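Have a look at the structure below, then the notes.
The values are calculated or read from the model by the stated rules, or taken from the named source; none is laboratory data. Just so we're clear, the structure is a prediction, and the values are computed from it rather than from any experiment. Ideal geometry is used to build each Cβ from the backbone, glycine not excepted, and the neighbour counts take in all protein chains shown. Please note that ligands, DNA and RNA were not included when accessible areas were found on the heavy atoms of the full protein model with its side chains. Shrake-Rupley method; radii C 1.70, N 1.55, O 1.52, S 1.80 Å.
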Amino acid sequence: MRPASRSPRGARALRRTALPVAAISAFALVAACSGPPKKDEAKQAEDYKLSAGTPAAAGPIDAFRWALYAEPLTLDYTQAFDYPQNTVLSNVCESLMRWTPQLTVAPGLAEKASNPDPTTWVYDLRPGVTFHDGSPMTADDVVFSVGRQMDPELGAAWAESFENVDSVTATGPLQVTFELKKADSLFPQLMATAAGVVASRKGVEAAGADYGTGGSLGCTGPYRLGAWDKGQSLKLERYDGYWGTKARAKTVEFKFLTDPSARTNAMLSGDVDGGFLVPTESYARLRNSGAGTLYFGEGLSTVNVNVTSMTGPLGDVRVRQAMSLALDRGGFVQTALAGNGTVTNSLTPKASWADAPAAAKAAAFDALPPTAQDIEKARQLVKDAGAEGKKLVVATSPIGLDVSLLATALQSAGSKIGLDVELKTIAPDAFSALFTDPAAREGIDMFPETYYLSVTDPFDLLRNFRTGAYQNHAGYSNPAYDELVDRITAAYDPAERFALTARLQKLAGDEMLWVPVAEWPSSVFLNKRITGAPTTIAYMYYPWAADVGAAG
């Protein structure tokens with residue numbers, strides 16, 4: 001999402017013997033672990049299609065430069081919840097498990113995982129892994145790293161990931177055991193996200209309150225943090241003691257370019273060699289420039305309207321439904337996404353239902369509210385709710401057209417159905433605060449949010465609306481919804497789990513908890529110097545920069 005999903009969880013199979021991590025998916029660790037389905041290209045917009053990846057690098061390269069739409073607020077892994085932080089951090093810090101470019105779960109810093117009973121997970125660590133200071137990674141470092149995520153005083157963005165963890169213990173020099181309070185079918189997948197990052201206890205404690213703001217991050221990845229010129233750029237330096245495949249580039253420089261036009265011009269001029277989250281208004285310009293190649297991949301992303309307050313007019317479901325009916329989704333896809341997306345009435349992307357039985361897919365999608373505009377019906381809903389003339393405040397930002405034009409579309413929709421919609425502009429660097437700081441959301445009723453799943457599972461998004469959830473900004477509370485969340489969390493059988501998740505999706509749609517707008521692919525531009533970057537959203541947790549090298 002803008003932000004990253006901070007409360008994704010994944011399912012597991014009830015195995016009673018230790019399994020190599022790579023084999024777990026074969027025993028239904030989680031149905032979603034098998035990755036998204038291949039898209040039917042005939043159904044894609046004529047001017048784009050999804051690519052599985054970019055060509056592999058032909059060789060090493062001394063350095064490359066990469067565009068970021070905003071400077072990371074911090075690189076403390078406990079706060080790695082948004083695109084800028086994770087795009088950088090995924091190359092420096094690693095997790096127990098790894099999300100691959102194919103959006104599947106694979107071994108990470110743990111080479112084996114086992115669950116001897118429904119509430120126990122055991123991770124056996126790779127031998128020979130070292131932190132960037134050369135010291136060895138141990139089980140004690142894992143216990144310390146997880147402890148930081150669970151420390152309420154730190155307010156970790158990933159704290160919810162561990163809500164069902166009773167204890168984490170070093171049960172050997174290279175073995176860590178998690179004891180759960182109750183079965184949690186999403187916990188194992190989370191270990192492939194920033195929730196599962198392992199950092200050096202010695203390094204983190206030495207940095208103290210400055211951890212994440214510069215200097216060493218005490219991690220194990222193929223790159224270590226180099227110079228950070230605040231407000232301008234950040235460099236990564238190759239770590240030659242890395243346990244895995246050596247990174248192809250010696251250094252990577254991230255340039256902070258908050259203006260979409262500046263990012264595009266930098267790509268065209270060669271000031272940067274590439275970037276993810278390409279400004280939609282620049283798709284055609286970059287595609288036709290001859291300067292490089294624009295790729296699209298599975299983003300597991302939906303563009304939504306986040307309902308942040310239900311204390312005003314939006315407390316009445318009829319007003320939320322009216323705003324959905326008044327939106328011109330097709331116009332938004334054509335203008336804001338340059339036609340590179342699909343209208344949707346689902347909060348969850350279809351790819352996340354890849355392994356769901358046909359009946360569950362039908363139940364999840366067939367009964368959702370319509371996507372077609374219906375101004376008259378929307379106006380009547382507003383009238384019936386007694387909300388005519390009521391004010392709504394929508395946050396917007398010049399981050400990109402996906403945000404600014406959706407905010408404008410909401411204002412237009414509201415004006416057509418008798419609502420007074422006011423736009424509040426927020427700077428790109430401050431937009432992330434909407435997801436973490438209640439004070440930043442004060443006085444705001446809605447804001448555009450592109451939500452990407454952090455695991456290939458629709459439950460990752462849908463559980464955000466249970467009572468008290470981290471992203472439940474509006475304070476929605478429904479015992480029936482909470483009961484379904486609990487049942488899905490406890491369910492290990494994939495068919496049962498998908499059937500329950502389909503019911504949850506229908507309830508979220510009926511209640512219009514957020515307003516779904518479009519599915520949007522991941523985008524990446526590479527100039528002619530480089531290749532090897534992934535096209536999928538996996539770059540949020542996968543060390544993608546290590547694969548980037550010289551083009552043929």
Relative contact order in percent for the chain (Cα pairs under 8 Å, 6+ apart) equals 26
Please compute the Kirkwood hydrodynamic radius over region 142-246, one decimal place, Å, based on all pairs of different Cα atoms. 15.5
Can you pull out the GluC sites (Glu not before Pro) in region 132-220 that DSSP calls coil and that have at most 15 other Cβ atoms within 10 Å? Glu153
What is the spin-label model distance, in nm, from Val317 to Ala52 if the labels are put 7 Å beyond Cα along the C-beta direction? 4.4
Using a 1.4 Å probe on the protein chains only, how many percent of the accessible area of region 366-521 belongs to carbon and sulfur? 51
Please work out whether region 110-201 counts as rounded, prolate or oblate from its C-alpha gyration tensor, where a ≥ b ≥ c are the square roots of the eigenvalues and a/c under 1.5 means rounded, while otherwise a/b larger than b/c means prolate and anything else oblate? oblate
Extend 7 Å from the Cα of Lys246 along its Cα-to-C-beta direction; within region 135-157, residues with backbone N under 20 Å of that point are 135
Using a ≥ b ≥ c from the Cα gyration tensor of region 414-519 (square roots of the eigenvalues), is it rounded, prolate or oblate, where a/c under 1.5 gives rounded and otherwise the larger of a/b and b/c decides, a/b for prolate? prolate
Could you list the GluC sites (Glu not before Pro) in region 410-502 that lie in coil according to DSSP, counting only those with at most 15 other Cβ atoms within 10 Å of their Cβ? Glu442
If you average the C-alpha positions of region 153-224 and of region 43-112 separately, how far apart do those two centres end up, in angstrom? 19
Helix-only mean residue ellipticity at 222 nm for the chain, each DSSP H run of n ≥ 4 adding -39500 (n - 2.57), per residue, nearest 500: -7000 deg cm²/dmol
Compute the Cα gyration tensor for region 302-365, then decide on rounded, prolate or oblate, letting a ≥ b ≥ c be the square roots of its eigenvalues: rounded whenever a/c is under 1.5, prolate when a/b is larger than b/c in the other cases, and oblate in all that remain. oblate
Carbon and sulfur together cover what percent of the accessible area of region 101-152 at a 1.4 Å probe radius? 56
Taking loop as defined by DSSP and a crowding limit of 16 other beta carbons within 10 Å, which trypsin sites (Lys or Arg not before Pro) in region 246-284 fit? Lys246
For the chain, I need the span (max minus min coordinate) of the C-alpha atoms along each principal axis, in Å, sorted largest to smallest. 66, 56, 47
